[in-house]
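The values are calculated or read from the model by the stated rules, or taken from the named source; none is laboratory data. Computed from a predicted structure; not experimentally measured. Don't worry about glycine lacking a Cβ; one is built from the backbone with ideal geometry, like all the others, and counts go over all protein chains shown. To get the accessible areas, we keep the full protein, side chains included, count just its heavy atoms, and leave off ligands, DNA and RNA. Shrake-Rupley method; radii C 1.70, N 1.55, O 1.52, S 1.80 Å.
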Amino acid sequence: MKKLLLAVLLAAAAPAFADTLYTNANGYTLDGKGTLNRFATLVVGDDGKVKATLPAAATLPAGTRIDMAGATLWPGLIDAHGHVMRLGELKLVVDLRDSASIPEALARIKAGAPAAGWIMGRGWNQERWYADGKLIGRFPTAAELDAATGNRPAWFARVDGHAGWANSAAMTAAGITRDTKDPAGGEIIRDAKGNPTGVFVDKAMALITQAIPKDDAARLDLVLEKSLETMAEVGLTGAHDAGMDKDTWDRYVRFAEAGKMTARIYAMAGGPDNRKAIAPTGPIKWGWDDRLAMQAMKLVSDGALGSRGAYLIAPYADMPNTRGLDITPAARLKTYITQASRDGFQVNVHAIGDQANRSTMDGFAAVPAAERVALRHRNEHAQIVDMADLKRFAELNIIASMQPTHATSDKGMAEARVGEARLQGAYAWQQIKKSGAQLALGSDFPVEPADPMFGIHAAVTRQSRDGLPAGGWRPWEKLSREDAFAGFTLWAARAGHNEDKVGTLEPGKWADFITLEADPFTAPEGDLWKIKVTATWLAGKQVFKR
């Protein structure tokens, strides 16, 4: 009798309502089959998972009600390709993105230089720098950087992370001389006399970065905090981290165990050595309340178009003496792919140039078909693809993990680099989708801004944010609003082996959701990038409010 009385008393003391009802919402979600559904009320259980989405006419269950006042409500967005730690680092160094000239970049460097130590930053793009109304058409030099930095060593990564700009003090600290050899898969840019000019491409970047003092743990913790803050601000409840090391993975685990991981990170080990160091016994499936997983490996086949490191079948149209950089030669790439696949890891390969894409698809073709289907291997970027290779995405069951803002940022530069004929299979979202292959969309942040509304705008319009070109660049490759929405939700979740937990607001899935200041399904196409996230929830808990 005493036990029964105690049970009654405990029941009476419990909260009357465990569910939270977000009512009067302009709600959108896909279902597991990809059908777009509308709803007015989202019901979230006290376990942080969705109980139901209900239409406006539905009788509402008991629960705590929060009136959304007609706000547009979406599932949390997922970026299928970003660089998490670099995103936060950008908040702590000199940001050269969108600088329009070398003098503007140098002014930012002078203004943002720390009081002591190396002067660091990223984001420069010589394809955006003008002088006297014309593109400068060249890389910057150490001598130019010296004018802003003096005798302190300085290093600035290019916007794509595939080249870096050093000053003379940095080259001295790294022991760089005229006799320094180009490493395999890298290039030291030199003048006519063979002297290093200050720019280091791809594998050559390590010649400088190895001389930079390592960050301490406290600063790296701050970097991750800044990354997570930025992601929450733009509505990213998940991101696929494209290449990280064991120290970074350990930091993620520590944050998750401390309850500080406010986004879901699908981590890709950066190459075979990091894969073995992080997960020596096999893939680490989703855990820590589905905040972390490490069941994928990132490989890099070539460089980037902007620094002419993308590996092409034929020479560059604007520099006929080079085809780019074969960073991971085809035979080695195939070995890495097949070994990791055999061990149960998804393999995700950076491929920009058409030769790199061909070698990547050749590597995937060597994997047994059943493994390809089960592990969902991915081609990251798939930017310049020979028409003969486009059909292989569907044939080999390879996900095309693509970044819409790359197309709108690269359009002019890509035309100059490869010419019209090779653009037939470039940034070919619609052709790949129509072939029957799966897409996943991301940004490659911080190469491009992390805001997924920028990506949705680019996917739908094929225009830069200034509305150019009229009608869109290669407009037949545009995606519908619904497909762009799917690319940053369900398709990205599927690419991260987590579509049964996130990506849609279906019963039993985590209540990861956002509200927006306008409805992207009805707003003018050209305004999509302007729409701001007003609040973000992860597992039913608000992690950001504007």
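Test Arg465 against the stated conditions and say whether it is open to solvent by 40 Å² or more (accessible area, probe 1.4 Å), of a type in the set (Lys, Arg), outside any strand (DSSP E or B) and over 28 Å from Asn348 (Cα atoms).
For Arg465, the condition - open to solvent by 40 Å² or more (accessible area, probe 1.4 Å), of a type in the set (Lys, Arg), outside any strand (DSSP E or B) and over 28 Å from Asn348 (Cα atoms) - is met.
Conditions first: (1) within 22 Å of Gly88 (Cα to Cα); (2) without any contact (Cβ under 8 Å) to a residue 60 or more places away in the chain; (3) open to solvent by 40 Å² or more (accessible area, probe 1.4 Å); (4) part of a loop (DSSP other than H, G, I, E, B). Met261 passes all but one, so which condition is the exception?
Exception for Met261: condition (3).
Return the residues of segment 146-173 that are assigned to a loop (DSSP other than H, G, I, E, B), crowded, with 22+ Cβ neighbours inside 10 Å and charged (D, E, K, R); say none if nothing qualifies.
Passing the criteria: only Asp160.
Hey, could you check segment 174-209 for residues that are assigned to a loop (DSSP other than H, G, I, E, B) and of a type in the set (Ser, Thr, Tyr) and say which is least open to solvent (accessible area, probe 1.4 Å)?
Going through the qualifying residues, I end up with Thr180.
Cβ contacts < 6 Å: first residue on the phi < 0 side of the Ramachandran plot, restricted to segment 172-192; second residue open to solvent by 70 Å² or more (accessible area, probe 1.4 Å) and not in a loop (DSSP other than H, G, I, E, B), any location; separation 6+ or different chain. Result?
Pro183/Lys203; Gly186/Lys203
If you scan segment 332-343, which residues turn out to be open to solvent by 50 Å² or more (accessible area, probe 1.4 Å) and touching a helix residue (DSSP H, G or I) at 6+ places or on another chain (Cβ under 6 Å)?
Once the filter is applied, which keeps residues that are open to solvent by 50 Å² or more (accessible area, probe 1.4 Å) and touching a helix residue (DSSP H, G or I) at 6+ places or on another chain (Cβ under 6 Å), segment 332-343 yields Lys334, Tyr336.
Would you confirm whether any residue within segment 41-61 is part of a loop (DSSP other than H, G, I, E, B), among the hydroxyl-bearing types (Ser, Thr, Tyr) and either open to solvent by 70 Å² or more (accessible area, probe 1.4 Å) or over 30 Å from Met244 (Cβ atoms) (or both)?
yes
Go over the candidates Gln346, Gln355 one by one and state the one that is open to solvent by less than 10 Å² (accessible area, probe 1.4 Å) and within 27 Å of Ala428 (Cβ to Cβ).
Gln346
Suppose we filter Ala365, Ala310, Ala351, Ala293 for residues that are more than 22 Å from the chain's Cα centre (by Cα) and of a type in the set (A, V, I, L, M, F, W, C); which single one remains?
The unique qualifying residue is Ala365.
Kindly indicate which of Thr72, Thr141 is open to solvent by less than 20 Å² (accessible area, probe 1.4 Å) and of a type in the set (Ser, Thr, Tyr).
Thr72
Out of everything in segment 315-331 that is among the hydrophobic types (A, V, I, L, M, F, W, C) and open to solvent by 40 Å² or more (accessible area, probe 1.4 Å), what residue ends up being nearest to Tyr427 (Cα to Cα)?
Among those that are among the hydrophobic types (A, V, I, L, M, F, W, C) and open to solvent by 40 Å² or more (accessible area, probe 1.4 Å), it is Ala317.
Condition test on Trp118, is it of a type in the set (A, V, I, L, M, F, W, C), at pLDDT 95 or above and open to solvent by 20 Å² or more (accessible area, probe 1.4 Å)?
For Trp118, the condition - of a type in the set (A, V, I, L, M, F, W, C), at pLDDT 95 or above and open to solvent by 20 Å² or more (accessible area, probe 1.4 Å) - is met.
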